[in-house]
Amino acid sequence: MNSLLAGVVLFAAAFVHGVAGFAFALLAVPLLVLLWPLREVVPLVALFGGTINGLLLLSLRRHFRLRRVLSLLLGAIPGILVGVIFLARAPEKDLRLILALLLVGYGIWGLWNPRPRIRLGEGWGYFFGFLAGALGAALNTPGPPVVVYVTLKGWSKEEVKSTLQGYFFLLAGLIIGAHAFHGLLTGKIFQRYLCYWPLVVGGLFLGHRLYYRLSLKAYLRLVYGILILAGVLAWP
């Protein structure tokens, strides 16, 4: 039964990610930890995260600009080191509470201000990248800080989604490397990855097809709604 439920969760999370450009880990992690230990879930979701972000980046490659993600990526490197330490030592309940409060708070604010007038400069990328790296390594949920950053840049939905994919793809490589270094990747993790790969890719493909039917306004409202839902799911 756990295997079937895990497949449903992974397919649904990949579908939502295909539509929004993020949220695979946000949705998958809090649900999968009801079935498996957190230290097995996080490395598995990291492997899938690298896969789906790479596939979406390939699809959106003509909208991607590397310069948009450099500050985020550089800020993420020290954040990943902090996050891995937290994963190994900090109480899971405390980490999930912090994440839930951040997600719900920003999601509600975003729905209230769907096109905020605030515009962030490039320098803010280092700060939000650090937060993303720490959350990514600790809970495999690097999305929220990056989503906050890109939604405050005034970009088109193609620029937003391609930037998210490029950043998450590069970040996933760093996180997977950190997990491997700390011995968190095991044979069981790779077996599950191969078992559920078709479901994840199938959900991603269907979600990405739906994405092209959305306007910018609808896309942003979907993004903020997903953040609120993920915050509720992450609540300890």
- Which condition number does residue 213 fail, the rest of (1) under 26 Å from residue 129 (Cα atoms); (2) charged (D, E, K, R); (3) surrounded by fewer than 17 Cβ atoms within 10 Å (Cβ to Cβ) being met? (1)
- Checklist (1) of a type outside the set (Ser, Thr, Tyr); (2) buried (at least 23 other Cβ atoms within 10 Å of the Cβ); (3) over 17 Å from residue 191 (Cα atoms) applied to residue 46, failing item: (3)
- Query: Can you name every residue in region 161-178 that is surrounded by fewer than 24 Cβ atoms within 10 Å (Cβ to Cβ) and either in contact (Cβ under 8 Å) with a residue 12 or more places away in the chain or in contact with a Cys (Cβ under 6 Å, 6 or more places away or on another chain) (or both)?
  - Reply: 169, 170, 173, 174, 176, 178
- Note on the structure: When (1) hydroxyl-bearing (Ser, Thr, Tyr); (2) outside any loop (DSSP other than H, G, I, E, B); (3) buried (at least 22 other Cβ atoms within 10 Å of the Cβ) are applied to residue 141, the one that fails is (2)
- Regarding residue 172, is this residue closer than 15 Å to residue 70 by Cα and out of contact with any Phe, Trp or Tyr (no Cβ under 6 Å at 6 or more places or on another chain)? yes
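Determine whether residue 188 is over 18 Å from residue 23 (Cβ atoms), basic (Lys, Arg), assigned to a helix (DSSP H, G or I) and modelled with pLDDT of 90 or more.
Values: over 18 Å from residue 23 (Cβ atoms): yes; basic (Lys, Arg): yes; assigned to a helix (DSSP H, G or I): yes; modelled with pLDDT of 90 or more: yes.
For residue 188, the condition - over 18 Å from residue 23 (Cβ atoms), basic (Lys, Arg), assigned to a helix (DSSP H, G or I) and modelled with pLDDT of 90 or more - is met.
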- helices (runs of 4 or more DSSP H) wholly in region 1-100 with at least 1 residues that are charged (D, E, K, R) and in contact with a helix residue (DSSP H, G or I) (Cβ under 9 Å, 6 or more places away or on another chain) - which ones? 38-59, 67-89
- Query: Of everything in region 4-28 that's under 18 Å from residue 197 (Cβ atoms) and among the β-branched types (Val, Ile, Thr), which residue is surrounded by the fewest Cβ atoms within 10 Å (Cβ to Cβ)?
  - Reply: 8
- Message: Any residue that is more than 18 Å from the chain's Cα centre (by Cα) and surrounded by fewer than 16 Cβ atoms within 10 Å (Cβ to Cβ) - is there at least one of those in region 66-75?
- Response: yes
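Each row is one residue, and each column tells you yes or no for (1) out of contact with any Gly (no Cβ under 8 Å at 6 or more places or on another chain); (2) modelled with pLDDT under 90; (3) not hydroxyl-bearing (Ser, Thr, Tyr).
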residue	(1), (2), (3)
3	yes, yes, no
8	yes, no, yes
18	no, no, yes
26	no, yes, yes
43	yes, no, yes
49	yes, no, yes
- Item | Among the candidates 108, 98, 80, 118, residue that is aliphatic (A, V, I, L, M), surrounded by fewer than 18 Cβ atoms within 10 Å (Cβ to Cβ) and more than 26 Å from residue 216 (Cα to Cα) | 98
- Message: Going residue by residue through region 193-212, is there one that turns out to be touching a helix residue (DSSP H, G or I) at 6+ places or on another chain (Cβ under 7 Å), touching a residue at least 40 places away in the same chain (Cβ under 8 Å), assigned to a helix (DSSP H, G or I) and charged (D, E, K, R)?
- Response: no
- Task: Scan region 23-41 residue by residue and report those that are under 19 Å from residue 165 (Cα atoms) and out of contact with any Phe, Trp or Tyr (no Cβ under 8 Å at 6 or more places or on another chain).
- Result: 23, 25, 26, 27, 29
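The values are calculated or read from the model by the stated rules, or taken from the named source; none is laboratory data. Computed from a prediction, not measured in an experiment: that's the story for all the values here. Using ideal geometry, Cβ is built from the backbone for each residue, glycine included, and neighbour counts are taken over all protein chains shown.
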